[in-house]
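Q: Got a structure here, written out as structure tokens. Questions coming.
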């Protein structure tokens, strides 16, 4: 069984908009997991505090699985974060560790004259 992160990959570095009130979310694809199982991922902040994320389906072969977590981008801070995906009914666990830089994204308006 494999799980690939489409937006946040293990070892990656990312810039996120700290002014956004949207919940942190990520997308995964599972392959060759055999028996269907659902998992509730956990997002860990740099201090080890966990945030539950919405359930995803390991049995959806090759289909994108979207999960959102109980923390908004505006409540996040820069550092090393982890997504932990661990199945209950099959022997499977994956941990994605990645670095986030959280800051407000500057917006520029250009007016043609």
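No value in this document is a laboratory result; all are computed from the given coordinates. The shown structure was predicted, so the numbers you read here are calculated from the model rather than taken from an experiment. Cβ sites come from the backbone with ideal geometry, for glycine too, and all protein chains shown count toward neighbours.
Q: Using the per-residue mean of other Cβ atoms lying within 10 Å as a proxy for protection, in what order, highest first, do the peptides 78-86, 45-53 fall?
A: Details: 78-86: 17.0, 45-53: 13.6.
Listed from highest to lowest mean packing, they are 78-86, 45-53.
Q: Here is a follow-up. Any idea what the relative contact order of the chain is, in percent, if you count C-alpha pairs under 8 Å spaced at least 6 apart?
A: On the way: 268 pairs, mean separation 38.5, N = 113.
Contact order relative to length: 34 percent.
Q: Considering all alpha-carbon pairs of segment 28-113, what whole percent are spaced by more than 23 angstrom? Intermediate values should be presented prior to the final figure.
A: Details: 1314 of 3655 pairs.
Counting pairs separated by more than 23 Å, the tail of P(r) holds 36 percent.
Q: Label points 7 Å out from Cα along the Cβ direction at residue 27 and residue 10: separation in nm?
A: Label-label distance for residue 27 and residue 10, simple model: 2.2 nm.
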